[in-house]
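Q: Please see the structure below; I have some questions.
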Amino acid sequence: MKKCDYYREQIILKFYDEKFDAELSLHLSECDKCRTFESELNQKLNIKIVSVDFNRIKSDIVETKRVLKRLRFGLWIFAAAAGIVLTFSLVYFYYISQPPNQNMWIAQNKTSKIIDEGVDDIDFSILESDFDMLEEKLDLLLEEDENEEI
C-alpha cells in the first residue's frame, strides 16, 4: 500500500484539477488523516474565481492612456505659454531697470531729427481749413450772443 504522503500529493493535484491517481477515492474512504487533510485544504485554499470582464478592463486602461496623453499635451502647452510669459517678463524688467538715457535713445534720436530738419516740410493745409471752419463757427456764436443781449 502506498504511503499517505503520496496520497496528499494526489489530493493537491486533484485540488488544482490536475491528473491524479484513481486509487485516491479508495484511500480517502479508508484514511481519516488524508480526509482531514483534504477538507482543511479545501477550507483554507478554496478561492472562488469571480468572472472577470477583461474587455471592460482593457477599455478602461485604453481610456486612461488617452486621458493621460491629452493631459501631457496640455502640460506642454502650459509649459510653452509659461516660458513665453517668463521670457517677456525678464526682457521687460531688464529694460525698465536700465537708466533712462539708455531706454530713451530711440525717442531722443527721432525728436532730434524733427528739431534738426524743422517743420517746414509738414503740410498744414488740412489744419488750416479746420481752423477756418472753427473761426466761422465762433464768429456765428459771438453774433448770436450779441443779438440776444440787445
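The values are calculated or read from the model by the stated rules, or taken from the named source; none is laboratory data. As the structure is a computational prediction, the values presented were derived from the model and not from experiment. Quick reminder, even Gly has a Cβ in these numbers, built from the backbone with ideal geometry, and neighbours come from all protein chains shown. Just the protein is used for accessible areas: all its heavy atoms, side chains included, with ligands, DNA and RNA removed. Shrake-Rupley method; radii C 1.70, N 1.55, O 1.52, S 1.80 Å.
Q: With the requirement that a residue be modelled with pLDDT of 85 or more, over 12 Å from Leu41 (Cβ atoms) and open to solvent by 80 Å² or more (accessible area, probe 1.4 Å), what does the stretch 1-19 give you?
A: Across the stretch 1-19, the qualifying residues are Lys3, Asp5, Glu18, Lys19.
Q: Quick test of your reading of the structure: Gly83 fulfils all but one of (1) over 34 Å from the mean Cα position of the chain (by Cα); (2) modelled with pLDDT of 60 or more. Name the failing condition by number.
A: Gly83 satisfies all of (1) over 34 Å from the mean Cα position of the chain (by Cα); (2) modelled with pLDDT of 60 or more except (1).
Q: I would also like to ask the following. Just to be sure I understand, how many residues within the stretch 93-105 are open to solvent by 100 Å² or more (accessible area, probe 1.4 Å) and modelled with pLDDT of 65 or more?
A: Going through the stretch 93-105 one residue at a time, the tally reaches 3.
Q: What pairs can you find where one residue is in the stretch 36-50 and in a helix (DSSP H, G or I) and at pLDDT below 80, the other is open to solvent by less than 80 Å² (accessible area, probe 1.4 Å) and not acidic (Asp, Glu), and their Cβ atoms are less than 9 Å apart, with a gap of 6+ or different chains?
A: Final answer for the pair search is Leu45/Phe15.
Q: Kindly indicate which of Leu71, Leu90, Leu127 is modelled with pLDDT of 85 or more and more than 30 Å from Tyr16 (Cα to Cα).
A: Among Leu71, Leu90, Leu127, only Leu90 is modelled with pLDDT of 85 or more and more than 30 Å from Tyr16 (Cα to Cα).
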